[in-house]
Structures are given as C-alpha cells and as structure tokens.
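Student: Got a structure for you, questions after.
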Amino acid sequence: MVRIAPSILAADFARLGEEIDSVRQGGADWLHFDVMDGLFVPNLSIGLPVLESVRRVTDLFLDVHLMIREPGRYVARFCEAGADLVCVHAEADTEEGIRAALREIRARGKKAGLALKPATPWDGALPFIEDVDLILVMTVEPGFGGQSFMADMLPKLRELRAMMDRVNPGCILETDGGIDVTTAPLVAAAGCDMVVAGSAVFGKKDRAQAIRAIRESAREQ
Ligand code: DX5
Ligand code: ZN
C-alpha cells in the first residue's frame, strides 16, 4: 500500500504546529519538508530554524528534500536539526560531491535519499543506487507546489523500480509533484511506494479525508 508524506510547503506557515497535527491525526506516514536556495531552483522556502522548531513539536518521520546547490555543505546541519531522512539532488553537484553528501548523511545515522529532476533519466541514479535508502522522482519541475503532474515520468518510475528490485530491494521509491487521487494510482502502479502530496492534502479542509482518499485511490491498483 502506498504511504503518504504531506508537504508542508502547502501548509499555512503562521499555524504550522496545528497544520502538522492535523495531518498527523489524519494518518500521514511521513512529513515532507522542502528546502530551496534560490539557485538550484528559482524559489526560496524554509530551512534550518524551521526544521528545528518542527522537530520539537512532532515525532512524525521528517523527510527533508534539499533543493539546494552543493548540498554537502549543509547535510550535517540538517541531520542535527532533526531530519530523519535527507534527500539530495543528483544534479546539484559532481558525482563525488553527491557521494560525499550521501556518506555524511548515513554517517550521522540518518537515511539518505537521492532526487532526480524531470530531465534526468532514470540511470542518473545508477551510480548511487546501492548507497541510498530512497529515490525521489520529481513529477513536476522542482521549485513550486501546485503544478500539474508529468505523466511522461511514469516509464522512469518503472525503470527505477525494476533496477532497485535487482540491486537494492529495500530502497523506497518516492514521487513528488502533482500527486492527487487521479495521479496516485498511476505512480503506485508504476512501483512507487511513497507519495508526497502538498496541495492535495493541505489544500483540503479535512486532512484525514484527503489522506484517506489518496491512499484508497492508489489501493485500487
Ligand atoms: C516542489 C516540491 C514539492 C511540492 C509538491 O518543488 O518538492 O514537494 O510541495 O506540491 P504539490 O503536491 O502541490 O505538487
Ligand atoms: Zn519536495
């Protein structure tokens, strides 16, 4: 069954504690935390002080998605600030730089993830596939919530799932961007086991109902 990580990018930041409680009560599996630097993506979001505050108010698993250049500069601090998993983009540094960042995350006892932008083919993950706990496939251009799902990412999910099953079967395949009751079944059928949902959860009044609807839609696969 597909698991759900609501993205707080779509939450009301002035009431963040209550927003987090609402999805925790509503049955969220993880909480997704989007960090943007205005360089790797053309937008800014939240960072270390907010993560520290969130960590203090919830025991939900914190899935931190770093959309920042040369993430190795900051991964240690995100681990210390309370991330349970830190995900870096394959496109954000050299292969060596990414490898070092992943090593650092794991050395700190946290789970390490690798994210792929839409233009990066599935085999962009190949050099790292045995050294990660999660692969995140972006199904929108990273940087903004509320965009439309890119259905042409489905073959990439299937390729990755097949490769992961061969070389790292415990690895989680996560999808981020434009996930709702219509698209969750598509990515679940392609082998995705964790979906990020921003607007489709925080954009609804009843969070429990929103989470349940996404989960149920994917179960029909
Ligand atoms: C986009 C972020 C996503 C975003 C998803 O760069 O990585 O996590 O919050 O938002 P929705 O679900 O609204 O597409
Ligand atoms: Zn994200």
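FYI, it's all coordinate maths here, none of it is from the lab. Computed from a predicted structure; not experimentally measured. So basically every Cβ, Gly included, is an ideal-geometry build from the backbone, and we count neighbours across all protein chains shown.
Student: Tell me, what is the FRET efficiency for Gln147 and Arg15 to the nearest 0.05, using R0 = 22 angstrom and their Cβ-Cβ distance as r?
Tutor: It comes out at approximately 0.35.
Student: Which residues in region 1-29 have a backbone N closer than 13 Å to a point placed 7 Å from the Cα of Val57 along the Cα-to-Cβ line?
Tutor: Inside the label zone: 8, 11-24.
Student: Ok, one more. Which FRET efficiency value, to the nearest 0.05, do you get for Arg108 and Ala208 by plugging their Cβ-Cβ distance into 1/(1 + (r/R0)^6) with R0 = 30 Å?
Tutor: For Arg108 and Ala208, the calculated efficiency is 0.35.
Student: For the chain, what does -39500 (n - 2.57) per DSSP helix run (n ≥ 4), summed and divided by total residues, give at 222 nm, in deg cm²/dmol to the nearest 500?
Tutor: Calculated at 222 nm, the ellipticity per residue is -10000 deg cm²/dmol.
Student: Right, here's the next one. Summing Lys, Arg as +1 and Asp, Glu as -1, what charge do residues with Cβ under 14 Å from the Cβ of Phe13 carry, Phe13 excluded?
Tutor: -3
Student: Also, I was wondering about something else. Taking the Cβ of Ala90 as the center, what net charge do the other residues with Cβ under 11 Å away carry, scoring Lys and Arg +1 and Asp and Glu -1?
Tutor: Spelling it out: positives minus negatives among the neighbours equals -2.
Student: Tell me the net charge near Leu157. Cut-off is 15 Å between Cβ atoms, Leu157 excluded, with +1 for each Lys or Arg and -1 for each Asp or Glu.
Tutor: -3
Student: Let me ask something else. Where a Cα-Cα gap under 29 Å defines reach, which lysines qualify for Lys156, not counting those fewer than 8 residues away within the same chain?
Tutor: Counting by Cα, and skipping residues close in sequence, Lys156 has these lysines nearby: Lys110, Lys111, Lys117.
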